[in-house]
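J.: A single structure is presented below for examination.
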Amino acid sequence: KAKQVGGSGSHIYEPIAAVEQARRMRLEQQMRSALRDEQFFLLYQPQVDLASGRICGCEALIRWRHPELGLVSPVQFIDVAESNGFICELGRWVLMEACSAAASWPSDIPVAVNVSAVQFAKGDLCADVRSALAASGLAPDRLHIEVTESTFLVDPGRLLQELTELRSLGLRTALDDFGTGYSSLSYIARFPFDKIKIDQSFVRGITGKPANQAIVRSVKSLAEGLGMSVVCEGIEEPAEWQMLANLGCEQGQGYLFGKPQTADELLSLEQQLPTALSATG
Ligand code: C2E
Ligand code: MG
Ligand code: MG
Ligand code: MG
């Protein structure tokens, strides 16, 4: 990636870095009007109870329908929005949109929203959450907030305070992408998370990887000791589901159960899923 070759002085990569720079600048310039023009939308990926295969929640994942570039993935624009602070405004929109969608569903499953470290550092996340809940009428326990380990790097004191306040409002909190970042065991113990989401890199192909099985087993026992539940990301195979359920992981997410999809698709899947899956495996 262009980012990694920065400063290497290699001429070969300079054109790539320039193209990458131009791409970021273009997205950066277009983001604000894109929000006004309603080019952003949310998809919802099912989260299932691993013991039953039943949908027990969903995660809201942002997409950008760009007039020239087509569908742009958050991997391509979230860090751009973080670097110019626009993520605070975009994050407020995501919270509002996810809460009003979930409040309108004929189902009481919760919705999980990803929140960037920048929203903790620069924004007023609790105020944004309160407004989204008030405007939508969503019950607070139906809103879950996912943060990654990078959030620990900003201001741990502030993070602790905000997470504590969110939970006192009735929300649930989750530590996302666990195992890929910077967290020390003491951080995990000190912060009030309801769930630990094991990153998909430990889940993918777990049935053939004893080392990953050992990691998941120990994360599960850590989580249990701290009163947290475990969510496994990126489950694609029935055998992975089976193994993770046997290891005692409570919840899972992955293409096996459903890709990120529209709310209507999610709600109809919620009716079918347990039967559909038991029929295949
Ligand atoms: P994440 O929060 O860890 O979300 C899970 C990502 O894994 C999603 O990618 C999802 O589509 C993908 N995924 C789920 N199951 C599978 C699977 O079985 N196989 C594979 N290969 N992938 C799977 P997506 O939607 O591209 O989002 C990428 C990241 O962008 C998210 O990772 C999150 O960190 C960030 N993101 C997405 N929406 C938002 C948002 O509204 N706000 C913020 N701040 N970040 C967001
Ligand atoms: Mg997430
Ligand atoms: Mg994740
Ligand atoms: Mg991620």
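The values are calculated or read from the model by the stated rules, or taken from the named source; none is laboratory data. Because the structure is a prediction, the values reported are computed rather than measured. Note that we place each Cβ from the backbone using ideal geometry, even for glycine, and neighbour counts take in every protein chain shown. These area figures cover heavy atoms from the full protein model, side chains too; ligands, DNA and RNA do not enter into them. Shrake-Rupley method; radii C 1.70, N 1.55, O 1.52, S 1.80 Å.
J.: Is it the case that G227 is open to solvent by 30 Å² or more (accessible area, probe 1.4 Å) and under 20 Å from A189 (Cβ atoms)?
T.: Here the answer is yes, as G227 does meet what is asked.
J.: Residues to consider are L273, L226, L244, L277; find the one that is at pLDDT 95 or above, hydrophobic (A, V, I, L, M, F, W, C) and more than 22 Å from R167 (Cα to Cα).
T.: L244
J.: I188 versus (1) open to solvent by 10 Å² or more (accessible area, probe 1.4 Å); (2) of a type outside the set (G, A, S); (3) modelled with pLDDT under 90; (4) within 16 Å of ligand 3 (Cβ to nearest atom): which is the lone unmet condition?
T.: It is condition (1) that I188 fails.
J.: Inspect the stretch 217-227 for any residue being in contact with a Leu (Cβ under 8 Å, 6 or more places away or on another chain) and outside any helix (DSSP H, G or I) and give the result as yes or no.
T.: no
J.: For the stretch 196-214, which residues satisfy the criterion of being out of contact with any Asp or Glu (no Cβ under 6 Å at 6 or more places or on another chain), open to solvent by 20 Å² or more (accessible area, probe 1.4 Å) and within 13 Å of ligand 1 (Cβ to nearest atom)?
T.: S201, F202, R204, G205
J.: What's the number of the condition G123 fails, among (1) at pLDDT below 95; (2) in contact with a strand residue (DSSP E or B) (Cβ under 9 Å, 6 or more places away or on another chain)?
T.: Among (1) at pLDDT below 95; (2) in contact with a strand residue (DSSP E or B) (Cβ under 9 Å, 6 or more places away or on another chain), G123 violates only (2).
J.: Residues in the stretch 238-254 that are within 20 Å of E59 (Cβ to Cβ) and open to solvent by 30 Å² or more (accessible area, probe 1.4 Å): how many?
T.: Here the count works out to 4.
J.: Just one of V94, V80, V75 is open to solvent by 50 Å² or more (accessible area, probe 1.4 Å) and among the β-branched types (V, I, T); which is it?
T.: Only one candidate passes the filter, namely V75.
J.: Looking only at the stretch 145-168, how many residues end up being open to solvent by 20 Å² or more (accessible area, probe 1.4 Å) and within 16 Å of ligand 3 (Cβ to nearest atom)?
T.: 2
J.: Tell me, which residue of the stretch 103-129 that is within 20 Å of the chain's Cα centre (by Cα) and open to solvent by 50 Å² or more (accessible area, probe 1.4 Å) is farthest from E82 (Cα to Cα)?
T.: D108
J.: For the stretch 51-77, enumerate the residues that are touching a residue at least 40 places away in the same chain (Cβ under 8 Å), in contact with an Asp or Glu (Cβ under 9 Å, 6 or more places away or on another chain) and part of a loop (DSSP other than H, G, I, E, B).
T.: Result: A51, R54.
J.: Among the residues of the stretch 31-50, count how many are touching a residue at least 12 places away in the same chain (Cβ under 8 Å) and open to solvent by 50 Å² or more (accessible area, probe 1.4 Å).
T.: Residues flagged as touching a residue at least 12 places away in the same chain (Cβ under 8 Å) and open to solvent by 50 Å² or more (accessible area, probe 1.4 Å) within the stretch 31-50 amount to 2.
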